[in-house]
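The values are calculated or read from the model by the stated rules, or taken from the named source; none is laboratory data. Here the structure is a predicted model, which means the values were calculated and not measured. Counting neighbours? That spans all protein chains shown, and the Cβs are built from the backbone with ideal geometry, glycine included.
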């Protein structure tokens with residue numbers, strides 16, 4: 001059951017109930033525009049990843065700024081997007097099992113749907129499902145470009161999969177998926193650039209092997225928030241798949257650009273809004289946001305505009321602020337903003353986005369309430 005939203009439109013910032021998932025709309029819109037401008041100037045297609053925000057309202061805004069479609073990681077996410085008018089979805093993941101595949105091919109009769117594969121049995125399952133539904137699926141061969149997760153070996157093994165897809169009755173070989181997930185969080189720019197160069201060598205090897213079997217990859221898709229600029233610069237990719245740029249969490253902000261500066265110019269736009277529910281000691285405040293409001297897999301959230309404050313030792317419903325090094329200590333009943341360490345799983349803990357206009361001003365107010373309508377879409 002979707003809970004009631006923690007605010008109403010027009011409400012003041014201080015009237016938002018907590019814990020709440022809050023978007024600074026001015027920063028968010030700036031992030032969207034920055035990436036859209038980059039893609040346009042670089043001549044690559046932008047297919048942002050909806051697994052970050054899990055909200056069709058945000059996907060629609062990305063498409064309005066020129067994105068060609070979105071990525072999803074699960075069939076259930078794609079179902080939500082298509083149901084809400086998103087007409088071009090790449091499931092940038094392998095899908096296994098008749099139940100999921102039947103749902104996927106049903107979507108392909110309503111929208112443009114792509115999917116990834118890295119195994120001959122996966123191709124056979126996709127073909128059988130598409131035949132049952134009298135549908136046609138676009139299929140990308142995923143290659144392992146260094147992430148050591150999903151993906152066929154580059155070169156001849158990947159080309160053989162492409163050949164099988166092209167020979168299928170109900171499948172279309174649509175190209176290559178070449179996403180290097182672990183490279184996204186390499187902090188040092190030069191080290192990250194080396195990882196991406198190695199990934200591109202894998203793509204080039206696969207392109208040569210495709211040519212040997214008479215095929216060309218129409219689309220080569222990949223890249224993320226940590227690598228999009230490196231991947232679009234004279235690279236083989238035709239489209240990029242960044243997701244977290246819309247929010248810029250604390251983890252991505254630790255990446256360094258070529259000039260050594262953090263964050264790549266994107267602004268923090270996503271926060272968990274929390275209330276000080278207890279002050280048992282001058283140097284310690286207890287917040288009402290713990291594990292059930294914030295993901296800590298990529299580190300603790302960072303208190304916003306509270307220099308010296310440290311969030312630590314979360315439990316289910318509590319988070320502790322160590323204020324020993326903080327001059328401006330929040331008091332009982334005050335509300336604070338926390339920058340999540342990892343935006344994607346934090347989003348999946350909430351039913352609603354509270355979009356705030358003018359967050360840094362006395363006139364801050366709720367302008368939008370957007371449902372996280374793909375929350376829990378895990379299958």
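Being touching a helix residue (DSSP H, G or I) at 6+ places or on another chain (Cβ under 6 Å) and within 23 Å of residue 241 (Cα to Cα) narrows it down to one residue among 75, 115; which is it? Spell out the reasoning first.
Numbers: 115 fails: touching a helix residue (DSSP H, G or I) at 6+ places or on another chain (Cβ under 6 Å).
Result: 75 is the single residue among 75, 115 that is touching a helix residue (DSSP H, G or I) at 6+ places or on another chain (Cβ under 6 Å) and within 23 Å of residue 241 (Cα to Cα).
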Whichever residue in region 306-318 is in contact with a strand residue (DSSP E or B) (Cβ under 7 Å, 6 or more places away or on another chain) and not in a strand (DSSP E or B) and, among such residues, is surrounded by the fewest Cβ atoms within 10 Å (Cβ to Cβ): 313
The one condition in (1) within 30 Å of residue 79 (Cβ to Cβ); (2) modelled with pLDDT under 95 that residue 294 fails to fulfil: (2)
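Listed residues 67, 59, 78; which is crowded, with 21+ Cβ neighbours inside 10 Å and assigned to a loop (DSSP other than H, G, I, E, B)?
On the way: 59 fails: assigned to a loop (DSSP other than H, G, I, E, B); 78 fails: assigned to a loop (DSSP other than H, G, I, E, B).
Every option except 67 fails the conditions.
So which of 181, 151, 147, 214 ends up being at positive phi and under 27 Å from the mean Cα position of the chain (by Cα)? Let's see the steps before the verdict.
Details: 181 fails: at positive phi; 147 fails: at positive phi; 214 fails: under 27 Å from the mean Cα position of the chain (by Cα).
The unique qualifying residue is 151.
Please indicate, with yes or no, whether at least one residue in region 13-21 is within 17 Å of residue 244 (Cα to Cα), modelled with pLDDT of 95 or more and buried (at least 18 other Cβ atoms within 10 Å of the Cβ). Write out each step before concluding.
If we filter region 13-21 for residues that are within 17 Å of residue 244 (Cα to Cα), which is where we start, we get 21.
Now restrict to residues that are modelled with pLDDT of 95 or more: 21.
Those still in the list that are buried (at least 18 other Cβ atoms within 10 Å of the Cβ) too: 21.
For region 13-21, residues within 17 Å of residue 244 (Cα to Cα), modelled with pLDDT of 95 or more and buried (at least 18 other Cβ atoms within 10 Å of the Cβ): present.
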Residue tally, condition part of a loop (DSSP other than H, G, I, E, B), free of Cβ contacts under 8 Å to residues at least 40 places away in the same chain and surrounded by 13 or more Cβ atoms within 10 Å (Cβ to Cβ), over region 319-341: 1
Filtered residues of region 206-229 (kept if assigned to a helix (DSSP H, G or I) and surrounded by fewer than 22 Cβ atoms within 10 Å (Cβ to Cβ)): 207, 208, 209, 211, 212, 229
Hits in region 124-151 (condition: surrounded by fewer than 23 Cβ atoms within 10 Å (Cβ to Cβ) and under 15 Å from residue 201 (Cα atoms)): 144, 146, 147
Test: residue in region 319-341 that is modelled with pLDDT of 95 or more, within 28 Å of residue 243 (Cα to Cα) and out of contact with any strand residue (DSSP E or B) (no Cβ under 9 Å at 6 or more places or on another chain): no
The lone exception for residue 46 - which of (1) closer than 18 Å to residue 229 by Cα; (2) surrounded by fewer than 22 Cβ atoms within 10 Å (Cβ to Cβ); (3) touching a helix residue (DSSP H, G or I) at 6+ places or on another chain (Cβ under 7 Å) it fails: (2)
Unmet requirement for residue 206, which otherwise passes all of (1) in contact with a strand residue (DSSP E or B) (Cβ under 6 Å, 6 or more places away or on another chain); (2) within 15 Å of residue 71 (Cβ to Cβ): (2)
Residue list for region 254-285, filter: at pLDDT 95 or above, surrounded by 18 or more Cβ atoms within 10 Å (Cβ to Cβ) and not in a loop (DSSP other than H, G, I, E, B): 270, 271, 272, 273, 274, 275, 276, 279, 285
